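Reading through the structure tokens given below for one structure.
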Amino acid sequence: MLGRKSETLKRPISPSLYPTSTAPPPTTYYGPTTNHTMPSHALPSRAITTLLLVSSSLAPYTSAQSTTSSADATRYTSKSTLKLARRYIGNDFMDKFDFFTADDPTQGYVNYVSKSDASDASLVDVQSDNTFIMRADSSNTASGRGRDSVRISSKEKFADGVYILDLNHMPVGCGTWPAFWTVTKDGWPAGGEIDILEGANGLPLAGSAAYNATTGLSANPLPQIANVAALHTSETCELQGGTYMSGSQGLSQCSAYVSGNTGCGVRMTDPGNGTYGGPINGVGGGWYAMWRDLKNSGGVYVYFWPRTSPNVPEDVRNPNTATTNTANWGIPAANLTVPCRGDFNNHVIVFDITFCGDYAGSTYASTGCPSSCRNFVQNFPAAFSEAYWSLNSLRVYTASGKAASGASLSTGAIVGIVIGAVAALVIAGLVFWRYKTSRNKRRQNKVMMDNDPAVIPEGPYTFLASRKPRLGPTTLAPGRTARHLLDGETPSGAASATALGNVTPLRGAGAGTSRGSPSGSDSSFKHYHENPTPTSFLPAVIHTRDASTRSSFSAPSPAKQSVKASPAKNSFVAKAAGRESTPTKAIGGSSWIG
């Protein structure tokens, strides 16, 4: 039918899906009290796209499509049993659908409200039997964007599969435009649109409160009573449904950029009460089903069974059926086979109730509705008490038994993903190369340190270095360990001068001696030799800056040094007594011992 668009885009629509002719056959319409028959040439000359009662020029289609062949049946028979992917019932329509609140993309006179506002105003409700009700406001004069109403779309996306809607009632009323459809989430018309159930200006049942509130209605109104299933694409695409259907094909060009986005569609005829609007509500609704099989056969097939039909397949009638197969469903009412199957990606499912706009507004006068569409919708709220959906369930069956994971990717998106993946691999390679290089360098440094005898200290420096707070690499000396000399540390045989002054080696003082005073005895050295602890012997250095400071320390007396001559004493002790200097370290402008 007419393009309803994605969440954000809408193009002008031309109301010419079904062209008229000068010699049309009789047409059935739903009147105030009963069904009537009148010549179609009595219809207004503005009979247009969604005034689906206009059957002019459709007689050839009807006769041709009344016959089928076994080849057609074989071609369009389901090749596999599909599994239940999702069942929506009761609160699922509240929790698993998003509520659309933006301006209507079809220029309708409607104010879509949020979930909370809809609940507060009783525009959505779940009844005790889990029936979901979604309605438009029928109590207040409309203002602002238009009459309060609801539009919801599924959180999940679906692609090929079977969609079965079990409904009790669909919205009707002058200026009312309800739809059950699937559409791409973003970028319409790229990604496509499938209208499963849609119509406009269907009248309430005669004698109902809503019908009686429709004052000024024509004596012979012509409400819509036939559903039209339609496609909208971005590509130039021709409908090729052929004869395997009971409906009547209208315009064949599906592109949204041709004929003002009329799209391509099939009018679903029915020898009984019709397939849309008041007559369906009068028998308690029925089942609408779509089999989307674009990948395999390139087609979209729509079926309808009224509540009173004795031929409803068991897997359609039973809401608890875990699998389904369209092979047992018979001939579809609409066969929308197209060659542009790639123009349809994963879709969300949408239910809405719009008023006026591109579709209902353009067909309003032709149906015999009173006044103008906007004026009537704004000022006659009681006439919209029948503008509501009553849904028992919606089921979706797929080959995998799961919803689609996301939107189909375009070529550009695929190229972008590939480039991103390559870039990620390159970055990962560089990081790994840097890690390997750094690790090899650390290994080389370790080997060099282990094999460098020049950095292995001897004598008192070994004792001192082993107690320095340096284990492994440090920020002070990267790559060095306690076995290495730090900057400024030079083992030598005598005291040396530094930039801070002379360096004087001192022996560690025992208990009762002052720091820096030369002291010790043979017993103290022996104690260290046998119990080398930090308190028993501590080689140290004192950095002196001037003569007065240096004069406060005296060299060891000959008597003290005589112990070093004893061959019985350990050579390490002899070195510690003064034959080798103690390493020094200057920090800032001060001196330290250690």
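The values are calculated or read from the model by the stated rules, or taken from the named source; none is laboratory data. All values derive from a computational prediction rather than experimental measurement. No Cβ is skipped: glycine too gets one built from the backbone with ideal geometry, and neighbour counts run over all protein chains shown. Heavy atoms of the whole protein, side chains included, go into the accessibility calculation; ligands, DNA and RNA do not. Shrake-Rupley method; radii C 1.70, N 1.55, O 1.52, S 1.80 Å.
Give segment 286-342 a look and list any residue that's of a type in the set (S, T, N, Q), buried (at least 20 other Cβ atoms within 10 Å of the Cβ) and over 24 Å from Leu239 (Cα atoms), or say none.
Thr324
Is at least one residue of segment 319-333 more than 34 Å from the chain's Cα centre (by Cα) and more than 22 Å from Gly161 (Cβ to Cβ)?
no
Could you list all residues from segment 104-129 that are surrounded by 14 or more Cβ atoms within 10 Å (Cβ to Cβ) and assigned to a loop (DSSP other than H, G, I, E, B)?
Correct list: Asp104, Pro105, Thr106, Gln107, Gly108, Tyr109, Val113, Ala121, Leu123.
Filter segment 356-390 down to residues that are of a type outside the set (Phe, Trp, Tyr) and surrounded by fewer than 24 Cβ atoms within 10 Å (Cβ to Cβ), then give me how many there are.
Here the count works out to 15.
Can you spot a residue in segment 155-170 that is modelled with pLDDT of 95 or more, among the small types (Gly, Ala, Ser), closer than 18 Å to Ala387 by Cα and out of contact with any His (no Cβ under 8 Å at 6 or more places or on another chain)?
The answer is no, given that none of the residues of segment 155-170 is modelled with pLDDT of 95 or more, among the small types (Gly, Ala, Ser), closer than 18 Å to Ala387 by Cα and out of contact with any His (no Cβ under 8 Å at 6 or more places or on another chain).
Please go through segment 156-168 and pick out each residue that is of a type outside the set (Gly, Ala, Ser) and either open to solvent by less than 10 Å² (accessible area, probe 1.4 Å) or touching a strand residue (DSSP E or B) at 6+ places or on another chain (Cβ under 6 Å) (or both).
Result: Lys157, Phe158, Asp160, Val162, Tyr163, Ile164, Leu165, Asp166, Leu167, Asn168.
Return the total of residues in segment 391-402 being touching a Lys or Arg at 6+ places or on another chain (Cβ under 6 Å) and open to solvent by 10 Å² or more (accessible area, probe 1.4 Å).
Selection size over segment 391-402: 1.
I'd like the residue in segment 256-280 that is in contact (Cβ under 8 Å) with a residue 60 or more places away in the chain, open to solvent by less than 20 Å² (accessible area, probe 1.4 Å) and among the polar types (S, T, N, Q) and, out of all such residues, is farthest from Thr367 (Cα to Cα).
Filtering first and then ranking leaves Asn261.
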